[in-house]
Amino acid sequence: MLRLIMLRALMRRAMVRCAFLLVFFVFAHVALAQEFSADVVSLKESSVDVKKIYAGKDKVRAELGGRGTSFGPAAVIIDEAQRIPIVLLTERHMYMEAPLAMAAPLITQFWRVPDVNDACPQWKKVAEQANAASNFGSCTKEGSEEVNGRSTVKYKGVSTHGDTSNVWVDTKLHCVVKTADSAGGIELRNIQEGAQPASLFEIPAGYMKFDMGSMMRRPQ
């Protein structure tokens with residue numbers, strides 16, 4: 001019984017880490033305009049431990065470090081057409097399907113932005129879909145700003161509780177490349193535009209599916 005409780009706790013921690021990533025991908029559009037890779041830098045030590053992202057034509061992959069989890073390094077692959085996130089546990093050579101619903105309470109940003117000059121209505125819709133519209137507050141376009149040599153549009157948001165956050169949207173990639181608030185934030189650096197290998201978005205050969213249900217049914 002103790003083993004089962006510990007296993008559930010480990011799974012919850014891993015899923016929360018993956019859920020943070022999904023805030024950028026859950027409502028992404030199927031047609032992606034630009035393929036690229038980028039390093040992900042946390043602006044505070046307490047921020048999510050994401051290392052790199054790869055954006056393909058219709059799939060996205062995010063690499064996680066091993067900080068704070070017994071599962072070690074992992075990756076999240078999302079097929080934006082099927083909307084099924086796959087979590088790869090790289091050291092264990094296993095994978096599992098992650099439910100999109102787990103990310104709903106965390107959706108506060110929108111990664112893909114079709115209209116970089118009018119993103120606020122889109123983000124408000126995301127908040128409504130996440131049942132967080134009551135906390136949305138205000139969203140204001142601040143103007144153009146350069147981030148790591150790239151042209152962006154900066155937005156400022158103030159929640160109904162007075163919490164302030166800023167988001168920078170890349171005008172060419174049509175995606176969020178920087179976020180900042182009191183809790184920290186992230187920034188995409190070393191952006192490399194170009195086609196990404198298809199193998200990045202596939203489950204590697206030899207990986208076994210992690211079946212939480214069957215493990216819970218095993219005698220303890």
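Can you tell me which of (1) in contact with a Lys or Arg (Cβ under 7 Å, 6 or more places away or on another chain); (2) in contact (Cβ under 8 Å) with a residue 60 or more places away in the chain is the one residue 173 doesn't meet?
It is condition (1) that residue 173 fails.
For region 68-120, what are the residues that are closer than 20 Å to residue 136 by Cβ, modelled with pLDDT of 80 or more and not in a loop (DSSP other than H, G, I, E, B)?
Of everything in region 68-120, just one residue is closer than 20 Å to residue 136 by Cβ, modelled with pLDDT of 80 or more and not in a loop (DSSP other than H, G, I, E, B), namely 120.
Could you tell me which numbered condition residue 60 fails, if it satisfies all but one of (1) over 15 Å from residue 177 (Cα atoms); (2) modelled with pLDDT under 90?
Condition not satisfied by residue 60: (1).
Go over the candidates 26, 48 one by one and state the one that is touching a Ser or Thr at 6+ places or on another chain (Cβ under 8 Å), closer than 22 Å to residue 181 by Cα and modelled with pLDDT under 70.
Sole residue among the options that is touching a Ser or Thr at 6+ places or on another chain (Cβ under 8 Å), closer than 22 Å to residue 181 by Cα and modelled with pLDDT under 70: 48.
Going by what's in this entry, would residue 187 be described as under 29 Å from residue 84 (Cβ atoms) and either in contact (Cβ under 8 Å) with a residue 12 or more places away in the chain or of a type outside the set (S, T, N, Q) (or both)?
Working: under 29 Å from residue 84 (Cβ atoms): yes; either in contact (Cβ under 8 Å) with a residue 12 or more places away in the chain or of a type outside the set (S, T, N, Q) (or both): yes.
Criteria met by residue 187.
Tally up the residues in region 183-206 that are part of a loop (DSSP other than H, G, I, E, B) and over 14 Å from residue 77 (Cα atoms), please.
6
Return the residues of region 129-161 that are modelled with pLDDT of 90 or more and touching a Gly at 6+ places or on another chain (Cβ under 9 Å); say none if nothing qualifies.
Filtering region 129-161 for residues modelled with pLDDT of 90 or more gives 138-158.
Those that are modelled with pLDDT of 90 or more and touching a Gly at 6+ places or on another chain (Cβ under 9 Å): 138, 139, 140, 153, 154, 157, 158.
The values are calculated or read from the model by the stated rules, or taken from the named source; none is laboratory data. Everything numeric here is computed off the predicted structure, so don't read it as measured data. Reconstructed Cβ throughout: ideal geometry from the backbone, glycine too, with neighbour counts over all protein chains shown.
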